[in-house]
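The structure under discussion appears below in the form of structure tokens.
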Amino acid sequence: MNKNIVLCGVGGQGTVLASKLISAAAMAKDIPVMSAETIGMAQRGGSVFSHLRMGDDIYSPMIAKGTADIILGFEPGETVRMLPYLKPDGQVIVSSREVMPVTASLTGGSYSGADMIAYLQKNVKNLFVIDTDKAVKELGSAKVLNIIMLGAAVSSGALGLEKKDIKNAIIEKVPEKFHELNFRALDYYGNK
Amino acid sequence: MHKEFLMGNEAIALGALAAGVDLVCGYPGTPSTEVLETVAKKNTGNVYVEWSVNEKAAMEVAAGAAYSGARVMVTMKQMGLNVASDPLMCVEYIGVKGGMVVLVADDPGPISSQTEQDTRHFASFSKVPCFDPSSAQEAYDMMAEAFELSEKYQTPVFMRSTTRVSHGYASIEVRDPEEYVVNKPEGFVKDTNRWVIFPKLSNANHKKIVARNDELADVFSAYAGNRIFPENAGIDEKLSKKGIAAGGISFTYAMEARAELSGLRLLKVSTPYPFPEKKAVEFLEGLDEVLCMEELDPVIEDGLIYVCGKYGLKTKILGKHTGHSPVAGELSRDIALEMLAEFTGIKREKTEEKELPPLPVRPPVLCAGCPHRASFYAVKRAMKGRKCIFAGDIGCYTLGNAQPLDMVDTCLCMGAGLGIAQGVGHMDPETKCFAFVGDSTFFASAIPGVINAVYNQADMTLVVLDNSTTAMTGHQPHPGTGHTMMGQVVDKVSIDAVLRGCGLTVVEHVNPMELEKAVDTVKKVADEPGVKAIIFEYPCVAIVKPEKPLHVDVSSCIGCQKCIKEIGCPALSMRDGKAVIDESQCTGCTLCSQICSMDAIKKPCNGDCGSEKAQKTGGANE
């Protein structure tokens, strides 16, 4: 089963780790996987994305427009930016929590995450909006937003992976002192 | 053998380790940096690893080790190859004994470079054979082949990568450490007829190099990396007269684009230099038209045009010269699909692209608490109203050009700011000329510029932005940090001592976070005659533990936005007519509190000062 996944957000939100956890989970199941991501100057506070492809007969880590099965969006505006990559019946899982551009105050360029969610609701049939504000508050840390989103994506069945696969990947990739918090974040949405 | 999920650069590093590399050196530069870092991390204990002071030094260290029979790899980005070109051009004439692989990562786009130069052209210019992998697995496998070829023909060999190969990840097959080749370098053996470059030797070796590269063109024609698809001559009836030629990451785009047209003939070029002529002739046989897919320069395209001319073939070669391919920027899956649709006349079903609503713009900015912001601001305040030029340089501090700082008037290449400031000053002595340079860049390429200024009686102020690291490329150590890639703690090379050694008598040190003092220092130093320097010393916020975040006392804040408009710190924004500080970003640097006219920005107050605490936002889980 081939899957094209776009992860997107703002530098610092943990798209790279989320992408690595999905990859590790896929590899543990012997599924070939490739990915490509933003590295360097764009990382801090900039728009960032990961392209992740699972399955056989893949040459390029990059995804063509209109062919992503899933967009996992950590930020509403960045999710809209990646929408051209979604295939017509593709699924979007988006965090409702907006991140203001660092230059917003300077340039007066304000922006509304709610407008972006409204746009997605109008244009994407297969949409899940995740109330990450609530999740972050209850979990007591904004740092696990990426894992909350990953948990929601796994629960939706869209990744073809199970939570225990991601848990094993967390054990492998994340320092032990953060395991418990990450497990709670992973289990926040959907079944364990 | 086992499988690992590796970045292309990590795969290159492991490939070198598996090939028994003895020495790895280089200078950091995106997208090449992770190669050397991975070698250092996975060092079995048998490899000497160093961040050299610049690429020229690295190339020379590598040459010396290769003369000694060691297997060596030297790493850099494409801009670095310009710096290393002097020893490279010569070492090709001298040759090597141990395998020498020159890893250069090109940056189509460019994403984080000044130019879109193509190392494949450097290969033909320097006559150095070149491998061009298309994936992490191929890069890994090619490292062994590159070392073998280098030793067999006693020549340095290029391993040329690009951003998407270097920074793409894949699950690939790699050797277990027990399977690594073990190489035992003989050591340097004196032979003046071999190792000392003289015109007579160069003339003799030039002839040998040309003959060798003719031979290599044949060797590469038989090399499995240069392939014609489909393997069996079964060619699509409708498309029997058309073909594609591609290399590097563009090969993967081409393969994906022709997935539905598996009969369409395709030539994969994995060794752009020497060009595999005979393979190309075999590919061109019976084709009317060939579309070339490649990034940067039309190297494969030119190779095929040359072959057509040489062998009298009538095939039309389409690409950058004919308007069938973009001439600048990265290719993409989508561009490849469009190119192929136009070429074959088989239109693909396009999903309708909806117009997107206006999206937030997120340009790169100096981090919250970045000492460069404070340094630029101090110079700006000190020189307000005076005729100045601020020559910038390569590093995070290039971002000092953005509003509201607007303190970078020029930026060219590593270390160039010094020379530019001198040139401007010679033409307009009334202008106060400043050159800004980071600590790593200072050691890498600024010192000759300093000596040039002193010797030639320039009038300029050198501003060294010393943040104790090579920040832009991910915090590599350098001569001023006191650490090496072998884990040694060593004496730091003093920037102050270097400057005084070059003849400067005015060298002032100041903490940029002490604003008034910094401004006074700049005023004083700028009015001294001749060449003088200010060293702003404060560590990069990414390598030290931040201080407690500041907060705004809303009863004192009058909403004038001075803090925002003067320094543009990303931790500061306006909410309900008052400034607010994002606690998750603020490092407690206090620069904004020193600017506020109302004294409204406060240090932590244990919650008893009645101010509204800034709301936590963002945060990372990296």
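A few comments on the model shown:
- Percentage relative contact order, chain A, counting C-alpha pairs under 8 Å, at least six apart: 21
- Chain A: radius of gyration and largest Cα-Cα distance (Dmax), Å: 15.7, 49
- From the C-alpha gyration tensor of region B:278-331, square roots of 5λ in Å: 21, 10, 9
- Taking the number of Cβ atoms within 10 Å of each Cβ as an exposure proxy, the fewest-first ranking of B:C308, A:C8 is B:C308, A:C8.
- Nearest-ten-degree value, helix B:55-67 long axis tilted from longest Cα axis of chain B: 40
- For region B:226-326, trypsin sites (Lys or Arg not before Pro) meeting the loop criterion (DSSP other than H, G, I, E, B) and having at most 16 other Cβ atoms within 10 Å: B:K238, B:K241, B:K314.
- Among beta bridges that DSSP assigns inside the protein assembly as shown, antiparallel share in %, nearest 5: 35
- Applying the criteria of a DSSP loop state and at most 14 other Cβ atoms within 10 Å to the trypsin sites (Lys or Arg not before Pro) of region A:69-143 yields A:K125.
- Candidate lysines - alpha carbon under 22 Å from B:K268, same-chain residues fewer than 8 apart omitted: B:K127, B:K238, B:K241, B:K242, B:K278, B:K279, B:K310, B:K314, B:K316, B:K320
- Ellipsoid semi-axes in whole angstrom, largest first, where each is sqrt(5λ) of the Cα gyration tensor of region B:110-154: 23, 17, 7
- Rotationally averaged projected area of region A:49-144 (alpha carbon convex hull; nm²): 7.7
- Chain B - share of DSSP beta bridges that are antiparallel (%, nearest 5): 25
- Taking 14 Å as the straight-line reach from the Cα of B:K523, the aspartates and glutamates in range (excluding those fewer than 8 positions away in the same chain) are B:E508.
- Other protein chain C-beta atoms within 10 Å of residue C-beta, averaged over A:31-38: 5.
- Annotation: the antiparallel percentage among DSSP beta bridges lying fully within region B:227-344 is about 20.
- Counting beta carbons within 10 Å around each of B:F158, B:F198, B:F343 and listing the fewest first gives the order B:F198, B:F343, B:F158.
- Shape analysis of the protein assembly as shown yields a ratio of the Cα radius of gyration to the Kirkwood radius, Rg/Rh, of 0.98.
- Each Lys or Arg adds one and each Asp or Glu subtracts one; over the other residues with Cβ under 12 Å from the Cβ of B:G392, this totals -3.
- Fewest-first ordering of B:D118, B:D393 by other beta carbons within 10 Å of each residue's beta carbon gives B:D118, B:D393.
- Cα gyration tensor shape of region B:227-344, rounded if a/c is under 1.5, else prolate or oblate by comparing a/b with b/c: rounded
- Here is the size of region B:2-219 from its Cα atoms: Rg then Dmax, 16.2, 51 Å.
- Note on B:L359 and B:K3: with the Förster distance fixed at 35 Å, the Cβ-Cβ geometry gives a FRET efficiency of about 0.35.
- Per residue convex hull volume, Cα atoms of chain B, in Å³: 196
- Overall Cα dimensions of region B:326-462 - principal axes, largest extent first, Å: 67, 32, 28
- Taking all Cα-Cα distances within region B:371-537, those exceeding 28 Å account for 14%.
- Calculated over region B:164-312: convex hull of Cα atoms, volume per residue (Å³): 187
- With the largest listed first and rounded to whole Å, the semi-axes of the equivalent ellipsoid of region B:264-412 from the Cα gyration tensor are 49, 23, 12.
- Cα centroid of region B:195-230 to Cα centroid of region B:118-134, whole Å: 12
- The angle separating the long axis of helix B:136-153 from the principal Cα axis of greatest extent in chain B is about 70 degrees.
- Value at 222 nm in deg cm²/dmol, rounded to 500, when DSSP H runs of n ≥ 4 in the protein assembly as shown each add -39,500 (n - 2.57): -10000 deg cm²/dmol
A short reminder: the numbers here are calculations on the coordinates, not readings from a lab. The structure presented is a predicted model; accordingly, all values stated were derived computationally and were not measured. Cβ coordinates were reconstructed from backbone atoms using ideal geometry, including for glycine residues, and neighbour counts include every protein chain displayed.
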